[in-house]
Structures are given as structure tokens and as C-alpha cells.
């Protein structure tokens, strides 16, 4: 790709190779979550991610990392992307290999000093201006450190990992004391009250040379695989394999209406409910004594006398699941796999 | 139509003009319940009704009464039916006018002495041989009386009307003391225990001249409308308008796996449940901690952690309703009408 060969070059690296199953039946192997239009507005999450960063970073300095199976969907969505900026993983191997692949691509293009802003493509952001201000802070801090964005928690969320901040700050960035696994509710409440715990957004920022150096140190087999046979790379996340093992992690704090929309309930949370507390995306709803349901899909859905259900309707499948069970969509997908019902995967 | 002009001629009159809404979203104005394949086997209820009587009554002596809107569906299902045997109501006006129209059609064809076996086309019968034995008994009794078929109750059903039998019998027929409206549960239990209460099947048998005479006596405006402007006929049922007002009603008792499949629950009842007590008609089902649900439709349906729900999926609509609320499908249809959503009606 093109781009000025100066230390201040900034590249956006959009990770678009994920294949999550938690939004089944809408998300499928060939149409994963990032290609669904589940945020307010008609764009897919991937499109929205690209549009969100373009005012800061032009298309020539935007890389998309995706798998072979999803490359066509990326090209269809973003035909103006230069061909060299589409980085294709032969197989999906989680974020550490994907980011190393992007970093090596940039390094070979003479951009070892450039800053990479690595952004998941399957999240929702409602305040785009605030998002870009945070991005600029993170990019600035990434000249010297490994940087992440921490989201100020608004509820005792048990579905996210957290970052515990230390007391040192440098400009807009705070030292990260540790990464914290998804907590139980009691602990999530403590984190919310404490004030120095933030949700881990999964956005990371660093210089190209720096992340390659850190990855070579902590996951040498990943860099070897990137330079050889990608299939040999272990499927491991950058957080787990590199970031958590490194002392020099800093975070900037973000507040921009962020959600990882990691379940149907999270999808519902980014849309306003009607007077009966119901969220309806897509076609019409007829509700009789029904409340607090989530209904997504283009067909007419009629609910009578039910409460707290999630009903998802696609062209070929229907899912009915109570709100408190939405994580168990995984069990449905597991059963489809076990029964060889690949049409629906 | 053709047919021997003797007193023993028997005509089957299939009532196929109903437009019930209780099986929405499968039943629609242009595809009402009788044209749905909801009984075991691939045939529609209408087809099954015709096939059931043909071993007794040939097609030349089979009349189908239907509305203008449904005539095409009847012709498509039964192309061998002689054109004169399709009796078309300009508008739907319930059973008293529909039966009077069929009776006048037969009378004009010189069949005043013939016996009419009037059969709804939207019921299920599982034992066809037993059904035909009962039909023969009813036809025999119809030479002298107005005759109906009473079904021996197998549960305290509150969704059906009942016939209370008197003590007089004549051959296989018993005098009917009175017609009983749909009872509450306590009363339905009494009826079940008493033994001389039967479900009113809606099948009626009489001579052509006799039913015209009775209808002229009790509903003269109906016969006038049949001979003039059909639209002027009051929409009234034969039971309510004629049978209940006449002393000479007799019933033969039937036991042939009958159901009026008048709700989604009744549809489920005529199909065997799986090990989790679930009934599935159509496409595949993925169930995770789900039991006692009823799922109908061709698409894949996945249920997680739900119990006692009825889920109906068609090309353009989905209904989710608890079993105990199935009668409230009417409220959905009412809302569709009120909101002018005619596409779904």
C-alpha cells in the first residue's frame, strides 16, 4: 500500500475475520456478525467501522485483515479499498497471528515506525466524534507504549473483560495495572463502584516495529508462522498472548456509546425500546399482552402473552430463547454441528 | 349434476367455504384451514374429506359448497369434480344459507327425496372405516329424521358444543334432547362422566325436501335469499337457526378419531409428540432444554429453555403463543384488521 514513509504515519488495521456464533441464526460462517446491519442505521458493523475512522485515516492507509472465506464480502462492501490493503488470512487464527500478519505487511512496506490502530469491526459506537477524539489520544500514546482503549463502565457487566488502571498517567493515557477476566456480578459491581476499572474494548495501538518485537518475544512461533506457513500459528488472542505479558501497557479512557453487541441482548440494548419495553428490528410486530421481548427479522412476528423472549427470524431459521439464556445460542450451534446441519452454520 | 332419481339417492355436500382465523398465520382468507395439510399425511383437510366419502358416494353425487374466493382452490384440488357440482356462494353467510343453497340446487335437479350428507371439510378423522360405518347409519336414519353425528367424548373438552341424548332410540340413532353450548370445565367433566352427552360434530343428514321445509319454517328469509339475492341472507348457522328449533333431531354415535382441529393445540393433538413431549410438523427442530412445545412450519426452528409454547412459522409470518392462549390468535387477526395489514389476512 501507499503512505508517507515518516514516523508519524498512522494505519488503521480493521480486523474483519471473526466468525462468532452468538448471533446465530443471523450470523453464519459466510456472513458473520461484522457483516450484519444490527446497529441503528442500515450499514453493517464493518461498514460503520470503516466510515467511523475515515475522517482520521484515509482509505490508502486502511488495512482490512480477513479470512479467505470472507474476503469477497469485504470487497463487495468496500470496492474502493486498494487490493494490497486487503490482508487475507489463509485460515482464522485469532488476533495475535492476524495482527502480526498485518504488522509484517506494513514492515515490509517500510512502515516499521508507523502506528497501527487495530480496530475490531464488529462493535457498535454511537458517538463517532467522541470515538475519534479517543482514537487520536490513543494514537499519540502509541508512539511510546502499547496502548488500549478502556470504556468507562455504565453497569456491572459480566460479559466483558476489564482493565485495572494504575495511578501513573501520561497525557491522556493511564498505566494498566492488569487485565481482568470476565467477573461475576458481585465483582462487576465492585469494579463499577471503584472507578479505576474499565471495559476492555479490544482496540489496540502500537508502532509496527514494537508489536513485532513484543510478539517475537512472547509468541515467536506466531511470527515464524506468519513468515512461513500461517496454518501453523496457534490460535491465540493478542491480549492473552502478548499484552497481558508485557509491563508497558497503557490505556486511554473512552466514552462513546460502545458495545461489543456480543449477544442478542446486547444488540437489543443499542436500540430504543417501545412503550411495552420491546425492541423490534426489521418487519412489523403484532403484540397482544406481550412485553419486554426482543424481536429481530424482516417477517411479521406476532407475540401473544409472552415476556422476556428473544425471537430472531431469518430467511431459513427461527430462534426462540429467553433473554437470560442468550449465551446458550452456542448450544444450538453446537447441536447443528453435531448433527451435520451445515446449511444452517 | 347427474344422479339416479330415486328416493334412495344419497348426496354428499361438502362445506368448503369457511374462513376461520384460529389457525393464523397458516390459514388466510385465500387459503383457509380446509386447504392446509395439518393432519397426518400430505393431503389438505378438504382433500382428505373428499377421499374419505368417495368409497360410499361417487364424485357425481358429491357437491362442494364454497365461496367465490375459494372456488379456484377447490377446482385446483379436485379437477375431476363436474362443474355443476361446485356450488358457489357469492359471499359467505354461514351454514344455514349454504345448506339451503345446496338443497335448492338438488331440488331443482329433481332430488327432493334424496338424502344429503352435509360434511364440514376442515375436520380430522383418523379411522376412516369407522367413519364410513357411522355415515351409513346416519344416512339410514336421515330417511325419516334430521340427523347429526355425536362424537363420544374422550376428555372434558370446553371447546366443543355438546348434544344431550334422550332415552329413545331407533336403530343406531338416538333422540337428541337438546343442543348444549360450549361448557366450562366443571360442566364438561359432568358431561364426560354422564355418558349421554356427545360432542356435536357439525355433520348433518336429512332429505333435501325436509331441510328446505324446516328452513322455510324457521328461517324463511334464508330461502327467499337463496332464490333471490344471496347477499340478503342472514349469516346464521343451521344448528342455531334450524336444528335447535326442531323437535325431530336424532344422533348417531361416532368414534373415529375425530377432531375439529379448531386451534393450534388441537392440531398438535392429532400428531404424536417426541420424547420431550414436543410436536414438530415441517422442518427440523433444534431443542436445548425445551419441552412440551408445538412447532409448525418448514423452516429450521431452534428453541432454548422454553416450555409449553406454540411456534408457527410461514413464509411471511411467525406466531409465538403459549398453549393456554391459543384461542387468542383471534386477537392477533383483529389487530391486523384494525391496522389495515391485509397482506397478512
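The values are calculated or read from the model by the stated rules, or taken from the named source; none is laboratory data. Just so you know, these numbers come straight off a predicted model, no measurement behind them. Here Cβ is always computed from backbone atoms with ideal geometry, including for glycine, and neighbour counts include all displayed protein chains.
Between B:106, B:15, B:86, which is at pLDDT 95 or above, surrounded by fewer than 23 Cβ atoms within 10 Å (Cβ to Cβ) and in the same structural domain as residue B:228 (by TED's automatic domain parsing)? Walk me through how you get there before you give the answer.
On the way: B:106 fails: surrounded by fewer than 23 Cβ atoms within 10 Å (Cβ to Cβ); B:15 fails: surrounded by fewer than 23 Cβ atoms within 10 Å (Cβ to Cβ).
Unique residue meeting the criteria: B:86.
Considering only residues that are surrounded by 16 or more Cβ atoms within 10 Å (Cβ to Cβ), touching a helix residue (DSSP H, G or I) at 6+ places or on another chain (Cβ under 8 Å) and without any contact (Cβ under 8 Å) to a residue 40 or more places away in the chain, which ones fall in segment B:60-83?
B:78, B:81
Being assigned to a helix (DSSP H, G or I) and under 20 Å from residue A:119 (Cβ atoms) is the requirement here; does residue A:148 meet it?
On the way: assigned to a helix (DSSP H, G or I): no; under 20 Å from residue A:119 (Cβ atoms): yes.
So residue A:148 fails the test.
Restricting to segment A:310-328, name every residue that is surrounded by 17 or more Cβ atoms within 10 Å (Cβ to Cβ), more than 7 Å from every other protein chain (Cβ to nearest Cβ) and in contact with a helix residue (DSSP H, G or I) (Cβ under 7 Å, 6 or more places away or on another chain).
Passing the criteria: A:310, A:312, A:326.
Scanning for something in a loop (DSSP other than H, G, I, E, B), more than 20 Å from residue A:326 (Cβ to Cβ) and at pLDDT 95 or above, does segment A:26-41 turn up at least one residue?
Among the residues of segment A:26-41, not one is in a loop (DSSP other than H, G, I, E, B), more than 20 Å from residue A:326 (Cβ to Cβ) and at pLDDT 95 or above, which makes the answer no.
Quick check on this structure: which one of A:251, A:302 is farther than 24 Å from residue A:31 by Cβ, touching a strand residue (DSSP E or B) at 6+ places or on another chain (Cβ under 7 Å) and within 14 Å of another protein chain (Cβ to nearest Cβ)?
A:302
Every residue in segment A:164-185 that is in a loop (DSSP other than H, G, I, E, B) and either closer than 13 Å to residue A:146 by Cα or under 20 Å from the mean Cα position of the chain (by Cα) (or both), please. So that I can check it myself, show each step before the final result.
So in segment A:164-185, the residues in a loop (DSSP other than H, G, I, E, B) come out as A:171-172, A:181-184.
Result: A:181, A:182, A:183.
Is it the case, given these coordinates, that residue B:264 is crowded, with 22+ Cβ neighbours inside 10 Å and not assigned by TED's automatic domain parsing to the domain that holds residue B:130? Talk me through it step by step, then tell me what you get.
Numbers: crowded, with 22+ Cβ neighbours inside 10 Å: yes; not assigned by TED's automatic domain parsing to the domain that holds residue B:130: yes.
Yes: the conditions hold for residue B:264.
With (1) without any contact (Cβ under 8 Å) to a residue 24 or more places away in the chain; (2) in the same structural domain as residue A:169 (by TED's automatic domain parsing); (3) closer than 23 Å to residue A:34 by Cα as the list, and residue A:255 as the residue in question, which single condition is left unmet?
Going through the list (1) without any contact (Cβ under 8 Å) to a residue 24 or more places away in the chain; (2) in the same structural domain as residue A:169 (by TED's automatic domain parsing); (3) closer than 23 Å to residue A:34 by Cα, residue A:255 breaks only (1).
Does residue B:168 satisfy being out of contact with any helix residue (DSSP H, G or I) (no Cβ under 7 Å at 6 or more places or on another chain), over 22 Å from residue B:247 (Cα atoms) and modelled with pLDDT of 95 or more?
no
Is it fair to say residue A:100 is in a helix (DSSP H, G or I), under 18 Å from the mean Cα position of the chain (by Cα) and closer than 24 Å to residue A:221 by Cα? Lay out the reasoning, then the answer.
Numbers: in a helix (DSSP H, G or I): yes; under 18 Å from the mean Cα position of the chain (by Cα): yes; closer than 24 Å to residue A:221 by Cα: yes.
It is true that residue A:100 is in a helix (DSSP H, G or I), under 18 Å from the mean Cα position of the chain (by Cα) and closer than 24 Å to residue A:221 by Cα.
Would you confirm whether any residue within segment B:45-56 is closer than 30 Å to residue B:335 by Cα, touching a helix residue (DSSP H, G or I) at 6+ places or on another chain (Cβ under 7 Å), buried (at least 16 other Cβ atoms within 10 Å of the Cβ) and assigned by TED's automatic domain parsing to the domain that holds residue B:201? Before you say what the answer is, go through the steps one by one.
Looking only at segment B:45-56, we keep the residues that are closer than 30 Å to residue B:335 by Cα, and these are B:45-46.
Applying the additional criterion that residues be touching a helix residue (DSSP H, G or I) at 6+ places or on another chain (Cβ under 7 Å) yields B:45-46.
So of that shortlist, the ones also buried (at least 16 other Cβ atoms within 10 Å of the Cβ) come out as B:45-46.
With assigned by TED's automatic domain parsing to the domain that holds residue B:201 added as a condition, the list becomes B:45-46.
Yes, that holds for at least one residue.
Quick check: is even one residue across segment B:152-159 part of a strand (DSSP E or B), surrounded by 15 or more Cβ atoms within 10 Å (Cβ to Cβ) and either in the same structural domain as residue B:102 (by TED's automatic domain parsing) or in contact with a strand residue (DSSP E or B) (Cβ under 7 Å, 6 or more places away or on another chain) (or both)?
First, the residues of segment B:152-159 that are part of a strand (DSSP E or B): none.
Within segment B:152-159, not a single residue is part of a strand (DSSP E or B), surrounded by 15 or more Cβ atoms within 10 Å (Cβ to Cβ) and either in the same structural domain as residue B:102 (by TED's automatic domain parsing) or in contact with a strand residue (DSSP E or B) (Cβ under 7 Å, 6 or more places away or on another chain) (or both).
So residue A:296 clears everything in (1) at the interface with another protein chain (Cβ under 9 Å from one of its Cβ atoms); (2) under 19 Å from residue B:318 (Cβ atoms) except one condition, right? Which one?
Tallying (1) at the interface with another protein chain (Cβ under 9 Å from one of its Cβ atoms); (2) under 19 Å from residue B:318 (Cβ atoms), residue A:296 fails exactly one: (1).
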